[in-house]
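Heads up: the structure comes next, in structure tokens.
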Amino acid sequence: MINMFSEIPDAHTWNTVEEVHKGWSKDKKYDIKTKDNRELLLRVSDISQFEKKKWEFESVKKLDHLKGILMSRPLDFGICNHGESVYSLFTWIKGEDAEKMIPALNANDQYQLGVQAGEILRKMHDIPAEPNQVPWAEYYNAKINRYITNYIACGIPFRGADQALRFIEQNRHLLEDRPQTFQHGDYHVGNMVVSKSGELGIIDFNRLDYGDPWEEFNRITWCAGVSPLFASGRIHGYFNHHVPDLFFRLMALYIASNQLSSIHWAIPFGQEEVDDMVHRAELVLDAYDEFQTYIPKWYFSSYPQ
């Protein structure tokens, strides 16, 4: 397999290359161990993705100046496999999957890791969006319209969907005049690890984008499903424990929209995945009392003593 990547500089220093099957990305991912005992992450895509992958790599490099954050750092980018593939090389973050580790920790450690996740995210959001972005309300309202159209067309209902749709329509106006920044794009426990020293590491930036920084909380339901304390800590850490009411209204809008999109998204992956997303959507509706409230039941307004 190493021969396949022989055009990559320093590939001759690699000792082992093992494919990684975790995650939903279409990229092929490889865990590389070098002869001098370093560990690297190699992502490989079809050459047709060259411009997109180059943009992703250069966007992640904008985080280089953020010190004190354990995250995949970009190392090299180029073409391999006789011109058929594009590669991105990153540092490997050693640690256990956060979604498995966090529930096994004591309550205080769960919460403090959440605070750490929020503080890291806030630092990422200090990076401004690229110029000439479409106004956020225009961009996201078009996305909501697509989500609704696709949800109705797929014909897979879930309990409380009508209430979610009503909440979305009643709160679209909140999208006006929102700022735009760098976004990780898929920020939740499934893309985090916990190191041996107990530090939170952030991985998988392949869905990065630019937009409303608060949209990054649209997948916090995955965090809350693992640990409400972690999810609450993430919010507190992001806002330095001073959370504005508007945030909860917008987070609820983004989460409601995300539930609609997740049903249609799951269809190509089979019935089991569809059933899982329907179940998750119904859990979200329960957490929001079918959107009679905009603050979820799992949220702790302060660390419970």
statement: If N is the residue count of region 1-132, its Cα Rg over 2.2 N^0.38 Å rounds to 1.20
query: Between Phe217, Ser227, Ile267, whose Cα lies farthest towards the positive end of the dipole of region 174-305 when Lys and Arg beta carbons carry +1 and Asp and Glu beta carbons carry -1, centred on the Cα centre?
result: Ser227
task: Mind putting a number on the dipole of region 148-305 about its Cα centre? Charges go on the C-beta only, +1 for Lys and Arg and -1 for Asp and Glu, and I need it in Debye to the nearest 20.
output: 280
message: I'd like the accessible area for Thr221, computed on protein heavy atoms only with a 1.4 Å probe and all protein chains in place. Round to 10 Å², please.
response: 30
field: Model label zone, Asp289; criterion: amide N under 13 Å from point 7 Å along Cα-to-beta-carbon; scope region 245-266
entry: none
query: Can you give the percent of C-alpha pairs in region 211-305 whose distance is more than 20 Å?
result: 36
- request: Highest first, please rank the peptides 230-238, 85-93, 61-69 by the mean number of other Cβ atoms sitting within 10 Å of their residues.
  value: 230-238, 85-93, 61-69
- request: Taking the dipole about the Cα centre of region 15-67, with the C-beta of Lys and Arg at +1 and of Asp and Glu at -1, give me whichever of Leu63, Gln49, Val17 is farthest to the positive side.
  value: Leu63
query: Going by average Cβ neighbours within 10 Å, how do the peptides 150-157, 192-199 rank, with the highest at the top?
result: 192-199, 150-157
task: Could you run the Karplus curve 6.51 cos²θ - 1.76 cosθ + 1.60 with θ = phi - 60° over region 197-202 and give me ³J(HN,Hα) per residue in whole Hz, x for Gly and Pro?
output: 7, x, 8, 7, x, 10
message: With an 8 Å Cα cut-off and a minimum separation of 6 or more residues, compute the relative contact order for region 7-57 in percent.
response: 27
message: When a/c reaches 1.5 or more, the comparison of a/b and b/c decides; with that in mind, is region 29-91 rounded, prolate or oblate per its Cα gyration tensor?
response: oblate
message: Highest mean first, how do 182-190, 161-169 rank when packing is the count of other Cβ atoms within 10 Å averaged over residues?
response: 182-190, 161-169
- request: Any lysines with Cα under 26 Å of the Lys29 Cα? List them, leaving off those in the same chain fewer than 8 positions away.
  value: Lys52, Lys53, Lys54, Lys61, Lys62, Lys67, Lys94, Lys100, Lys196
field: Cα-centred dipole magnitude for the chain, charges only on beta-carbon of K, R (+1) and D, E (-1), debye, nearest 20
entry: 360
query: If R0 is 51 Å, what FRET efficiency do you get for Ser301 and Glu7 from their C-beta distance, rounded to 0.05?
result: 0.40
- prompt: What number, rounded to the nearest 500 deg cm²/dmol, is the helix-based mean residue ellipticity at 222 nm of the chain, given -39500 (n - 2.57) per DSSP H run of at least four residues and division by all its residues?
  reply: -12500 deg cm²/dmol
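The values are calculated or read from the model by the stated rules, or taken from the named source; none is laboratory data. Fair warning: this is a prediction, and the values are worked out from it, not measured in the lab. Virtual Cβ from ideal backbone geometry, glycine too; neighbours counted across all protein chains shown. Protein only, heavy atoms only, side chains kept; ligands, DNA and RNA dropped before computing areas. Shrake-Rupley method; radii C 1.70, N 1.55, O 1.52, S 1.80 Å.
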